[in-house]
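This report refers to the structure that appears directly beneath it.
The values are calculated or read from the model by the stated rules, or taken from the named source; none is laboratory data. Owing to the predicted nature of the structure, the values given are computational and were not obtained by experimental measurement. So basically every Cβ, Gly included, is an ideal-geometry build from the backbone, and we count neighbours across all protein chains shown.
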Amino acid sequence: MLELPVNDTTLLRQLHPEHATLLFQLINSSRRSLRKFLPWVDYNTTEEHSLRFIELMLRKADEQEAIAFGIWYEGQLCGVIDMHGWDHTLQKAEVGYWMMEERQGKGIVTNSCKTLISYAFATLRLNKVEIRFVLQNDKSAQIPIKLGFAKEGILRQSAKLHGQYVDMVVMGMLRKDWKY
């Protein structure tokens, strides 16, 4: 099980099947706030769904296509951060994240992103990391801005959220520009 220490209070721990119950409970308790910008929330309605997600991400980690970590703050699972869309030819991947509402605004996700992105550049030798988010998701937008990502564009109607097409913002960071 891969673990990446973030700081004295926060740890990224690769999700494993034994985390399925905790993950589902976290999603369920944060459902209202998460579903506003994350369409998958409506499809994760049982502990089995959380288990299947974890098993899928473990297979993808074995194939070096993706990896998912629980964000553990003061010993409590409070969010998830993942790297997905790993393209070995272009040496790039996307980072996604979400945090329970009660822990938002404490810098936990920003610091977790720093750790995962540093790992992606230094250990995995990626050249580029992208973060994508729904145009209206101001909270999510603040993280790549704080980390110095460049806004690369808006993908018009490139996702569906609750039956409606939505625009996605793409922000990118190159290894040569990473300061952390």
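Before moving on, here are some points about what is shown:
- Any chance L90 is modelled with pLDDT of 95 or more and surrounded by 18 or more Cβ atoms within 10 Å (Cβ to Cβ): no
- Residue that is modelled with the lowest pLDDT [pool: residues in segment 132-147 that are in a helix (DSSP H, G or I) and of a type in the set (K, R)]: K139
- Selection within segment 55-75 - within 26 Å of G105 (Cα to Cα) and either surrounded by 16 or more Cβ atoms within 10 Å (Cβ to Cβ) or among the aliphatic types (A, V, I, L, M) (or both): I67, A68, F69, G70, I71, W72, Y73
- Only one entry in A122, A93, A141 is under 14 Å from the mean Cα position of the chain (by Cα) and within 20 Å of R13 (Cα to Cα), namely A93.
- Among the residues listed as K146, K106, the single one being of a type in the set (K, R) and closer than 21 Å to S30 by Cα: K106
- Checklist (1) free of Cβ contacts under 8 Å to residues at least 12 places away in the same chain; (2) closer than 14 Å to G75 by Cα; (3) part of a helix (DSSP H, G or I) applied to D8, failing item: (3)
- Residue match in segment 13-25 (condition: assigned to a strand (DSSP E or B) and in contact with a Gly (Cβ under 9 Å, 6 or more places away or on another chain)): yes
- Count - residues of segment 80-94 that are at positive phi and either part of a strand (DSSP E or B) or of a type in the set (D, E, K, R) (or both): 1
- Residue within segment 29-39 that is part of a loop (DSSP other than H, G, I, E, B), hydroxyl-bearing (S, T, Y) and either surrounded by fewer than 19 Cβ atoms within 10 Å (Cβ to Cβ) or at negative phi (or both) present: yes
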